[in-house]
Every structure is written in structure tokens, then in C-alpha cells.
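Below is one structure, written out as C-alpha cells; comments come after it.
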Amino acid sequence: MDILKKVFPFSFNTNDVASLVIKIIVYVVVSAVLGIVGAVLSWIPVIGWIFGMIFSLIGGLVGLYCIIGIVLAILDFCKILK
């Protein structure tokens, strides 16, 4: 559990519904902004395919991180995790 708290520090200490909603919104916005930046950079004609490949990999990892962070925030709010 200590490792989860070190890797996902933003997901824990969720005490009320407002903080849970804020954490979920932050995770969704981070994932969406990275997706938009990757899409914009992939349109560059000469090096767009390099940016497209890099940002698809990074975007996938960040998206997975955000999904896990949201699930952990919900589990922490429901007091399932200790």
C-alpha cells in the first residue's frame, strides 16, 4: 500500500465528494490535454510521424495512469483501501 501511495499520491486522502470530483476532473483534464497536444504535434508534416508514435505511447501510459488514479481515488473515498 505504501508503494501505491508513492506512485499515486494525488489519489489518496479523499474525504468528501467535492475533493473526489476535483481529483477525477484533474485526471480527465490531464489525459485530454496530453491527447490534444499529441494530436496537434502529429500534424507537423516532416516529423509528425515521430511525434505521433511518441505521443501515442506516452498518451497511452498517461491514460492508464489516470484511469488507475481515478479508480484508487474512488476506492479510497469508499474506504475500501486502508
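Dipole magnitude of the chain about its Cα centre, charges +1 at Lys/Arg Cβ and -1 at Asp/Glu Cβ only, in debye to the nearest 20? Mind dumping the intermediate values first?
Details: 5 positive and 3 negative charges, 32 e Å.
So the magnitude is around 160 debye.
If you roll a 1.4 Å probe over the chain with all protein chains in place, what percent of the accessible area is carbon or sulfur? List each step's numbers first, then the result.
Values: 4520 of 5630 Å².
The computed percentage sits at 80.
With every protein chain left in place, what is the accessible area per residue of the chain in square angstrom, probe 1.4 Å? Please report the intermediate quantities before stating the final value.
Numbers: 5630 Å² over 82 residues.
Spelled out: the 1.4 Å probe surface of the chain, per residue, equals 69 Å².
If each Cα of the stretch 27-80 is one equal point scatterer, what is log10 of I(q)/I(0) from the Debye formula at q = 0.14, 0.16, 0.18, 0.23 Å⁻¹?
One equal scatterer on each Cα of the stretch 27-80 leads to -0.44, -0.52, -0.60, -0.79.
Per-residue ellipticity at 222 nm for the chain, helices alone: DSSP H runs ≥ 4 residues times -39500 (n - 2.57), over residue total, nearest 500 deg cm²/dmol? Mind dumping the intermediate values first?
Working: 3 runs with 61 residues, N = 82.
One gets -25500 deg cm²/dmol as the mean residue ellipticity at 222 nm.
Once label points are set 7 Å from the Cα along Cα→Cβ at both LYS82 and SER19, what is their separation, rounded to one decimal in nm?
2.0 nm
Can you tell me, using C-alpha contacts under 8 Å and at least 6 residues apart, the relative contact order of the chain as a whole percent?
Values: 58 pairs, mean separation 36.2, N = 82.
This gives 44 percent for the chain.
The values are calculated or read from the model by the stated rules, or taken from the named source; none is laboratory data. Keep in mind the model is a prediction, meaning the values are calculated, not measured. Positions of Cβ are backbone-derived with ideal geometry, glycine not excepted, and every protein chain shown enters the neighbour counts. The protein model used for the area step is the full one, side chains on, heavy atoms only, and it has no ligands, DNA or RNA in it. Shrake-Rupley method; radii C 1.70, N 1.55, O 1.52, S 1.80 Å.
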